[in-house]
Structures are given as structure tokens and as C-alpha cells.
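Beneath this line is the structure, given in C-alpha cells, with notes to follow.
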Amino acid sequence: MKLLLENWREYLKEQETIALGQCYPFAVEMSNKSSKSEFADLSKFKVVHGRITDKFSGESVLHAWVEKGNMVFDDQTKHTRPNGTPKAVYYDIYQPEPHEEYTAEETILKCIKTGHKGPWTNNQRELPEYLYHGTSIKQYNRMKENRFQVKEFYLADTDDKSAEYAEKQSIADGSEESVILTLDTKMLIGDLRTDRGSNPEEWEYDMGQWVFAGNIKDAITNKESW
């Protein structure tokens with residue numbers, strides 16, 4: 001059994017990290033393609049929002065996936081496992097912690113009501129239209145040199161929180177100038193997730209409630225320096 005699970009894990013790993021990119025839109029797309037009999041029947045089709053943790057690497061992220069009977073469909077495995085992954089295998093490897101479950105109908109209605117594809121609960125933090133990143137001019141110039149490709153890029157819901165972080169970063173690396181970037185969340189290309197070290201009860205004061213990995217170039221709508 002151990003060998004079988006390890007082999008499945010190799011099939012499942014399209015990338016070095018789990019849950020990259022478009023898991024929430026993928027679940028919505030599957031909802032749109034659900035059959036008439038599946039549309040409002042949770043026992044036949046469910047969109048699950050929750051957390052997955054790779055049992056081998058320990059990496060843990062908020063995620064969305066689709067369950068149809070004993071099969072799981074996931075954006076990260078849609079090319080290697082287009083017909084789904086056995087639920088027992090998926091649950092063994094990724095150890096899911098379901099937070100919310102939706103029928104296909106509920107998923108589409110949530111999209112219409114909120115104007116985005118998830119997540120939709122306070123547990124997973126509803127995504128604002130704009131997020132902010134504070135940094136030093138030295139760090140900003142490094143981003144430019146890297147063509148705005150970033151990792152572990154912390155984002156906050158107000159520019160005030162980002163300004164505080166920008167000043168701390170400028171002091172830390174001896175920069176004479178601080179920077180705040182305003183980013184359009186719809187234009188972020190990559191993986192945006194809630195910071196697992198961020199306590200929902202303290203989001204009002206937290207300087208970085210989200211973490212992003214990917215490219216921010218097209219998402220930058222404003223750069224403020226002081």
C-alpha cells in the first residue's frame with residue numbers, strides 16, 4: 001500500500017508545491033459543467049473549500065477541490081489525472097480539512113452574489129478588490145530586476161498596514177525611500193492564499209493577511225513613494 005501511495009503521489013505532483021494558482025476558478029468551472037442530476041445534489045457533486053497538507057513535505061495551504069462520489073477532482077492534477085483521483089488516495093496524501101461544502105448550484109450563486117470565485121467565508125477570508133504591499137525602494141528595485149516575479153509576497157487589506165511594514169523594511173536594509181504598491185487582486189497571476197500564520201481574529205491589526213507567489217506586474221495599479 002505504501003508503494004502504491006508513493007506512486008500515486010508522483011502522478012499527482014505536477015509542480016514542486018501543492019495548490020498552485022487556480023483552484024477556486026477550477027471548482028467553479030466544474031460546477032458550470034455539472035449535469036442536471038448533479039447540480040443541486042451534494043451527494044453526487046460537491047465543491048469543497050478547506051485546507052490541504054502534503055503528508056510528505058508538510059506544506060499546508062487553503063484550497064478548493066471537487067468531490068464526485070469516490071473521486072476527487074483538483075486543479076493541480078487536472079492534466080495528469082483528468083478522470084479524478086480516488087478519494088482514499090487523495091485524502092491520505094493531502095489530508096484535507098474541509099471548511100465549507102457547496103452544491104454546484106450554490107457555488108454558482110455564490111459567484112454571482114460576491115462577484116468572485118472564492119473563498120467566501122470568514123474562515124478563509126473574503127478577498128478584497130485591492131491589496132497592498134509595503135517595502136523599501138531597494139526591495140522594489142530587486143522586484144523590477146526579477147520582472148516582478150515574487151515569492152512569499154505578503155499583502156494587507158489597507159495601505160496603513162503596508163506603510164508600517166514599508167518603514168520597517170527600509171530601516172532594516174538602509175533604504176532612504178519607502179514604497180507602497182496597490183494591486184488589483186483580479187490581475188494577480190499565481191497563487192494567492194491566506195497567511196496560515198495569520199489569526200482571523202487579529203486581521204484588523206495584521207500587516208499581512210495574504211501571501212502571494214507569482215507575477216505582480218500586471219496587477220500593480222499604483223506606486224506610492226516617500
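Going down the list Lys36/Lys68; Lys36/Lys186; Lys55/Lys151, which pairs span over 19 Å between their C-alpha atoms? Pairs exceeding 19 Å: Lys36/Lys186; Lys55/Lys151.
Amide hydrogen proximity for Asp41: with H placed 1.01 Å from N in the peptide plane, the residues at 5 or more positions away or on another chain lying under 5 Å are Ala104.
Taking only the C-alpha atoms of the range 26-67, Rg followed by Dmax gives 12.8, 39 Å.
Throughout, read-outs are computed from the coordinates displayed, never taken from laboratory work. Every value quoted in this text rests on a predicted model; they were computed, and no experiment measured them.
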